[in-house]
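This report concerns only the one structure given below.
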Amino acid sequence: MAPRVVCLPGDCIGPEVMAVAQRVLGVLAPDVSLEDRLFGAEAIRRTGDSLPPDTLQACRMADAVLKAPIGHPEFDAADVRPEQGMLRLRAELDVYANLRPAREGAIDLVIVRELVGGLYFGARGVRDDGTVFDTCEYHPSQVERLARRGFELARARGRRLTSVDKANVLETSRLWRRVVHEVADDYPDVDVDDMLVDNAAMQLASAPERFDVVVTENMFGDILSDEAAVLGGSLGMLASATIGGKVDLYEPVHGSAPDIAGKGIANPLGAIASAAMLLRHTGKLEADANIVDAAISHVLEAGHRTPDLYSGKTKKYNTTWEVGGAVEQQFSDSAMRRYAFHAV
Ligand code: IPM
Ligand code: MG
């Protein structure tokens, strides 16, 4: 059965990149059903809630959610912000393992970021003296289920797992390290090493090819995955899949980029690559996912680039729709080749 997908077009450049990703899905995999729902800034304007109940309900009933970035300057200082809806969506769906792959030349790594715990969800508040606090909290079971995902993934890839923490300072990191090593006993075929997060940030910049699977807590994963994203040239290219919960959630790693919204120059490749991950993981449509990934590579090789990838050597840059159209053109060619191959 083709997956039923709820699409959350998001804010600022969100609807621009989502429209391209939907078009790609519609042409390549017309059986996949796509349904838009209100979410983020537009949902606050219309209902006062960034994740209205019927949107949450539709997400719960879907096979997968494809989400574009949210966040809008209009709500920066407001009590109700689009980001809150996104954190609630992650928590409600209990999507705890966020896979953020980065591939470029000899670099082939995946960051497995814990997504529903840590500083993002711990106790927070203001004390009488004006001190403001956010708390990092982890239960061993949260670490264990995430670590297991990481080891399973490492087993299917290069059999190396790096666990990133700050165990020289933080209690939660000492827990993290202990639980990861307990889980490691079940995976003797995977090499595991621990790395402090400051060192990991340095090694990612200086020797990224040494990494295979990186498991880490929510906040460290947020920061390291943006760093890993630029290894591939631009944050606009990186896709992510969040699994483990009731419904799979796919989203590009980049933000809503208010500065370039409405100009038609946002890079749609992260959103398109997220759609490819959806086809692969939820839809079990590996061949179609490979076609999209190959199309993205061809389009880049052919020199189609939005301005974030623009360099002095590139003659001119392309718009969001031009890059999307170039991807579509590529995969319709390869789809035809695939059908021709099947026909032989
Ligand atoms: C991400 C984003 C979000 C996060 C923000 C928008 C809340 O940066 O998905 O990486 O920090 O998780
Ligand atoms: Mg982030």
Specify the residue that is nearest to the chain's Cα centre (by Cα); the eligible residues are those in segment 83-142 that are hydroxyl-bearing (Ser, Thr, Tyr) and within 29 Å of Asp11 (Cα to Cα). Tyr96
Could you check, for segment 10-29, whether at least one of its residues is among the polar types (S, T, N, Q) and closer than 15 Å to Tyr250 by Cα? yes
Take Ala68 and tell me if it is at pLDDT 95 or above, closer than 30 Å to Arg148 by Cβ, within 16 Å of ligand 2 (Cβ to nearest atom) and within 18 Å of the chain's Cα centre (by Cα). yes
Just for helices (runs of 4 or more DSSP H) wholly inside segment 161-271: which have at least 2 residues that are surrounded by fewer than 18 Cβ atoms within 10 Å (Cβ to Cβ) and more than 16 Å from ligand 2 (Cβ to nearest atom)? 171-184, 197-206
Test: residue in segment 285-297 that is surrounded by 19 or more Cβ atoms within 10 Å (Cβ to Cβ) and either part of a loop (DSSP other than H, G, I, E, B) or within 13 Å of ligand 1 (Cβ to nearest atom) (or both): yes
What are the pairs, 6+ residues apart or on separate chains, where a residue within segment 266-293 that is farther than 16 Å from Ala326 by Cβ has its Cβ under 7 Å from a residue that is of a type in the set (Ser, Thr, Tyr) and at pLDDT below 95? Ser274/Ser240
First in segment 26-43 and in contact (Cβ under 8 Å) with a residue 12 or more places away in the chain, second anywhere and open to solvent by 10 Å² or more (accessible area, probe 1.4 Å) and among the β-branched types (Val, Ile, Thr), Cβ under 6 Å, 6 or more apart: Gly40/Ile70
So, of the residues in segment 214-260 that are among the β-branched types (Val, Ile, Thr) and closer than 20 Å to Gly118 by Cα, which turns out to be nearest to ligand 1 (Cβ to nearest atom)? Val253
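The values are calculated or read from the model by the stated rules, or taken from the named source; none is laboratory data. Only a predicted model underlies this, so the values are computations on that prediction, with no experimental measurement involved. Glycine gets a Cβ as well: all are built from the backbone with ideal geometry, and neighbour counts include every protein chain shown. Please note that ligands, DNA and RNA were not included when accessible areas were found on the heavy atoms of the full protein model with its side chains. Shrake-Rupley method; radii C 1.70, N 1.55, O 1.52, S 1.80 Å.
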